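Chemist: Quick one: structure below, then a few questions.
All of the numbers you see were taken from the coordinates with simple rules; none came from a lab. Quick caveat, the model's predicted, so the values are computed rather than measured. A quick note on method: Cβ atoms are made from the backbone with ideal geometry, for glycine too, and the neighbour counts reach across all protein chains shown.
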Amino acid sequence: MGKLEVDLANPLIDQSREELSYLRLEPGRITELVGDTGSGLTRLGLSLLAAPSRAGPVVVVDTRGWISPEAAWETGVEAESLVIVRCNERLLWTRVTAALLEGVPAVFAEVPVGVKEHELRRLAALARARKTMVAFRSMGLRLPSGVSHLRLRSLGVTWEGADRGHGKLKGRRLMLEASGRGAAGVTRRFEVEDEGKDTLRLVSDVVFDPSRRAAG
């Protein structure tokens, strides 16, 4: 899910362009990813680094120890630009993340449980000062009010081509809800189609069936 495309056959093309902007990181602003494990947020977070990686280094801060370089490359992140930092200790995480925001253009970081509100606000201020593009995915509670500019909440994933754990995965769709200042204070829902290649398409008016979920 690196390159972004709009389904031009969709009559809601102007709305799709707006939704497309939600899938790009902005300098100095934090995008918050919210949702359950298995709802596609890791892949989404990695895909947000694809465009920045073509201009410079990008960093993933992995608190669970399971993000692989291959997963990032599949989303379009440039291999030579990618650095993965594994850090699951809360106090160390804050110092490491602050150092990265000081010197790296774009960061996708999992936020471990227990990080204090004032620490997150300091990191947000640092990102603004350094114009760093940031995506945070909290492993605990949502980020404090005012820290994120845009919140993307995963409502679930549906897929095609696999049934009862068998068969070839042909594609999957991630239902997202955008809110916050980055969405002009309006809550918007839209769907992203991922065919397993370095391409992401926005689709609208598609029936979302939450009973079929995929890990991600």
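Chemist: In segment 113-137, whose amide N lies under 13 Å from the spot 7 Å out along Cα-to-Cβ of residue 90? List them in ranges.
Modeler: Within reach of a label on residue 90, which here means backbone N under 13 Å from a point 7 Å along Cα→Cβ, segment 113-137 contributes 113-120.
Chemist: Calculate the spin-label point distance for residue 36 paired with residue 139, positioning each point 7 Å from the Cα along the beta-carbon direction, and give it in nanometres.
Modeler: 2.0 nm
Chemist: How much length is gained if the chain between residue 99 and residue 24 is pulled fully straight, taking 0.36 nm per residue apart and subtracting their Cα-Cα distance, in nm to one decimal?
Modeler: Extending this stretch completely gives an extra 24.7 nm.
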